[in-house]
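Asks: Got a structure here, written out as structure tokens. Questions coming.
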């Protein structure tokens, strides 16, 4: 393990990328942000994070308009929306050196497989962030609640996982490691699918409306049960020994969301602001895997159909 200063490229410097990249810069790492929308504001005025874990400002952040400006790094943190996965290979390649490791800090299922095919499986990690973070005005990030990240390695290599965890040792981010990337991805979907999905399907509402409405809460519970069944079938099909503890996960997801307050998931924000939503990686791929494994997921199928229809109108 090493906690020495690392060169890090953040590809996708939205709310998630800016916050976690900012925490690494705060901890002393050499962090470079690939930015487009907020480039000039951040370049000229800095990056300001208003955080429940302590506000901070990067007064002179290193921002770039192209990956070539950044060059090869020790770590790439890819925080793109999954809707931009088709652009990821081209965006990341200039930053990849012989020993570069890649952390996919993204939502969805099957994304790490894409990175492994492009750059080799041994250097790929997945990051599951459970947090409430939104963009504010240009140059501002609002970290509202939570913030832990679960790290896992694509090949479930514990030595590589220790190296990944060491990157964050001096930061304020709480890191846990998982022996199974696949299980952790499905567990994250236990929140993303019911809450992100229902916040959109219910017309663009916040998470408090889902947990506070009897029928929507029941639907969220049923969706979690379907996701857990599909996830455990997927784990079994891939000969992994671990399983999702359904009762524990459901209890934890509702306990966290019950105390989350009025929160707008990123998918719901995309919906109300008229942008294309992350449907296929978060809903379509889990539904496809469930079908291929013979797991019946009627609520997931209905929700995915609704979201696809809404997405087609973007």
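Asks: Looking only at the stretch 134-151, decide whether some residue is farther than 24 Å from residue 266 by Cβ, outside the structural domain of residue 240 (by TED's automatic domain parsing) and in a loop (DSSP other than H, G, I, E, B).
Replies: no
Asks: Same structure, new question: Can you work out which of the residues in the stretch 82-106 that are farther than 25 Å from residue 177 by Cβ and surrounded by 15 or more Cβ atoms within 10 Å (Cβ to Cβ) is farthest from the chain's Cα centre (by Cα)?
Replies: Of all residues in the stretch 82-106, those farther than 25 Å from residue 177 by Cβ come to 83-84, 86-87, 89-91, 93-94.
Add one more test, that the residue is surrounded by 15 or more Cβ atoms within 10 Å (Cβ to Cβ), and what stays is 83-84, 91, 94.
Details: 83: 12, 84: 13, 91: 18, 94: 22 Å.
Per the criteria, the residue is 94.
Asks: Can you confirm whether the stretch 231-239 contains a residue that is closer than 23 Å to residue 81 by Cα and either touching a strand residue (DSSP E or B) at 6+ places or on another chain (Cβ under 7 Å) or touching a residue at least 24 places away in the same chain (Cβ under 8 Å) (or both)? Don't jump to the end; show me each part of the working.
Replies: First pass over the stretch 231-239, keeping only residues closer than 23 Å to residue 81 by Cα: 231.
Still in the running and either touching a strand residue (DSSP E or B) at 6+ places or on another chain (Cβ under 7 Å) or touching a residue at least 24 places away in the same chain (Cβ under 8 Å) (or both): 231.
Taking every residue of the stretch 231-239 in turn, at least one turns out to be closer than 23 Å to residue 81 by Cα and either touching a strand residue (DSSP E or B) at 6+ places or on another chain (Cβ under 7 Å) or touching a residue at least 24 places away in the same chain (Cβ under 8 Å) (or both).
Asks: Still on this structure, I have one more. Working only within the stretch 297-314, note down all residues that are in contact (Cβ under 8 Å) with a residue 40 or more places away in the chain, assigned to a loop (DSSP other than H, G, I, E, B) and over 17 Å from residue 109 (Cα atoms).
Replies: 314
Asks: Got a number for residues in the stretch 280-296 being in contact (Cβ under 8 Å) with a residue 60 or more places away in the chain and under 15 Å from residue 196 (Cβ atoms)?
Replies: The qualifying residues number 6.
Asks: Still on this structure, please answer the following. Taking the condition of being in a loop (DSSP other than H, G, I, E, B) and exposed (fewer than 14 other Cβ atoms within 10 Å of the Cβ), how many residues in the stretch 213-240 meet it?
Replies: Number satisfying all stated conditions: 2.
Asks: Exactly one condition in (1) within 24 Å of residue 16 (Cα to Cα); (2) assigned to a helix (DSSP H, G or I); (3) touching a helix residue (DSSP H, G or I) at 6+ places or on another chain (Cβ under 9 Å) is not met by residue 255; state its number.
Replies: Residue 255 satisfies all of (1) within 24 Å of residue 16 (Cα to Cα); (2) assigned to a helix (DSSP H, G or I); (3) touching a helix residue (DSSP H, G or I) at 6+ places or on another chain (Cβ under 9 Å) except (3).
Asks: When residues of the stretch 197-207 are filtered for being over 13 Å from residue 253 (Cα atoms) and assigned to a helix (DSSP H, G or I), how many remain?
Replies: 5
Asks: Would you say residue 277 is in contact (Cβ under 8 Å) with a residue 24 or more places away in the chain, under 27 Å from residue 80 (Cα atoms), out of contact with any strand residue (DSSP E or B) (no Cβ under 6 Å at 6 or more places or on another chain) and not in a helix (DSSP H, G or I)?
Replies: So residue 277 fits the description; yes.
Asks: Determine which single condition residue 174 fails, assuming it passes every other condition in (1) touching a helix residue (DSSP H, G or I) at 6+ places or on another chain (Cβ under 9 Å); (2) in contact (Cβ under 8 Å) with a residue 24 or more places away in the chain.
Replies: The number of the failed condition is (1).
Asks: Is at least one residue of the stretch 294-305 closer than 13 Å to residue 83 by Cα and surrounded by fewer than 15 Cβ atoms within 10 Å (Cβ to Cβ)?
Replies: No, there is no match, as no residue in the stretch 294-305 is closer than 13 Å to residue 83 by Cα and surrounded by fewer than 15 Cβ atoms within 10 Å (Cβ to Cβ).
Asks: Condition (residue is outside any helix (DSSP H, G or I), out of contact with any strand residue (DSSP E or B) (no Cβ under 6 Å at 6 or more places or on another chain) and surrounded by 19 or more Cβ atoms within 10 Å (Cβ to Cβ)) applied to the stretch 179-187: is it met by at least one residue?
Replies: Narrowing the stretch 179-187 to residues outside any helix (DSSP H, G or I): 179-180.
Going one step further and asking which of them are out of contact with any strand residue (DSSP E or B) (no Cβ under 6 Å at 6 or more places or on another chain), we end up with 179-180.
So of that shortlist, the ones also surrounded by 19 or more Cβ atoms within 10 Å (Cβ to Cβ) come out as 180.
Yes, there is a match, as at least one residue in the stretch 179-187 is outside any helix (DSSP H, G or I), out of contact with any strand residue (DSSP E or B) (no Cβ under 6 Å at 6 or more places or on another chain) and surrounded by 19 or more Cβ atoms within 10 Å (Cβ to Cβ).
Asks: Taking the condition of being within 21 Å of residue 207 (Cβ to Cβ) and in contact with a helix residue (DSSP H, G or I) (Cβ under 6 Å, 6 or more places away or on another chain), how many residues in the stretch 262-285 meet it?
Replies: Qualifying residue count for the region: 12.
Asks: Here's another thing I want to ask about it. Would it be correct to say that residue 125 is in contact (Cβ under 8 Å) with a residue 24 or more places away in the chain, more than 29 Å from residue 257 (Cβ to Cβ) and touching a strand residue (DSSP E or B) at 6+ places or on another chain (Cβ under 6 Å)?
Replies: no
Asks: Follow-up. When you scan the stretch 241-263, how many residues do you find that are surrounded by 14 or more Cβ atoms within 10 Å (Cβ to Cβ) and within 16 Å of residue 220 (Cβ to Cβ)?
Replies: 10
The values are calculated or read from the model by the stated rules, or taken from the named source; none is laboratory data. None of these values were measured; they are calculated from a predicted model. With ideal geometry, Cβ positions are generated from the backbone for all residues, glycine too; neighbour counts draw on all protein chains shown.
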